[in-house]
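A short worksheet on the structure shown next.
The values are calculated or read from the model by the stated rules, or taken from the named source; none is laboratory data. What you see is a predicted model; the values in this text were computed from it and never measured. Methodologically, a virtual Cβ is constructed for each residue, glycine included, from the backbone with ideal geometry; neighbour enumeration extends over all protein chains shown.
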Amino acid sequence: MKIGFDIDDTLINLREHAFQIYKKKLGKNVGIEHFHQLKRVEIHEVFGLDDIEGKKMWNSLLEEIYFTNCPAFDGAIEFVNELYRQGHSIFYITSRPKKYCEKTRQWMKEKGFPVIDNQFYCGMEDGEKIDIIKQLDLDIYFDDKPAVLSTLKNTKTKIYIKDQSYNQGISYPRVFDWMKFQI
Ligand SMILES: [Mg+2]
């Protein structure tokens, strides 16, 4: 099968990694329970930042957030490698900005994910992922983000959603734990 994955907050715990970086940079000891209650993808509100300040903070720390030691979710690396070993084609579709694409691809390899160079798609807008998913005719696709998932309703691709506090309103089958998940 052709199986596609979003990266951030689907396979790796990027927002929580960013939350820890924000805590240090801002010197604010915000409890993790506040993070887990967030109803939107953006994390700045728990630090008392407005949307403009939050966007500025995120953009100024982007390289550090992306390319330091962000952990994969437990079992995610093993899950994707097992699919690869079984002979499935693995695709990554990430809307990280174009200038970080090459470095992200390399980072994913170093992390231990199976990455085929020409099966790594990067630098599109959230709403443009659907074009690639259709073009590739993926059998299965995993993502976490409401803005992406809302565009995928009429595809024949089987969609799974990585469970997150901000995507509870969306009704696709969920991945709660990569260690226990089976297709
Ligand atoms: Mg994501």
Exactly one of these conditions fails for residue 21: (1) touching a helix residue (DSSP H, G or I) at 6+ places or on another chain (Cβ under 8 Å); (2) loosely packed, with under 15 Cβ neighbours inside 10 Å. Give me its number.
(2)
Could you please give the count of residues in the stretch 12-38 that are free of Cβ contacts under 8 Å to residues at least 24 places away in the same chain and within 15 Å of the ligand (Cβ to nearest atom)?
1
Go through (1) within 15 Å of the ligand (Cβ to nearest atom); (2) assigned to a helix (DSSP H, G or I) and name the single condition residue 41 misses.
(2)
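Any idea how many residues of the stretch 44-56 are in a helix (DSSP H, G or I) and within 23 Å of residue 126 (Cβ to Cβ)? Show your work before the answer.
Restricting attention to the stretch 44-56, the residues satisfying the condition of being in a helix (DSSP H, G or I) are 44-47, 51-56.
Filter again for within 23 Å of residue 126 (Cβ to Cβ), leaving 44-46, 51-56.
Residues that pass the stated criteria total 9.
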Output yes when any residue across the stretch 52-68 is surrounded by 13 or more Cβ atoms within 10 Å (Cβ to Cβ), of a type in the set (Gly, Ala, Ser) and either at pLDDT 95 or above or outside the structural domain of residue 122 (by TED's automatic domain parsing) (or both), and no when none is.
yes
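Could you say which residue among 36, 44, 88 is outside the structural domain of residue 144 (by TED's automatic domain parsing) and either surrounded by 13 or more Cβ atoms within 10 Å (Cβ to Cβ) or modelled with pLDDT under 95 (or both)? Outline the logic, then answer.
Values: 36 fails: either surrounded by 13 or more Cβ atoms within 10 Å (Cβ to Cβ) or modelled with pLDDT under 95 (or both); 88 fails: outside the structural domain of residue 144 (by TED's automatic domain parsing).
Answer to the check: 44.
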Exactly one condition in (1) under 26 Å from residue 59 (Cβ atoms); (2) in contact (Cβ under 8 Å) with a residue 24 or more places away in the chain is false for residue 141; which is it?
(1)
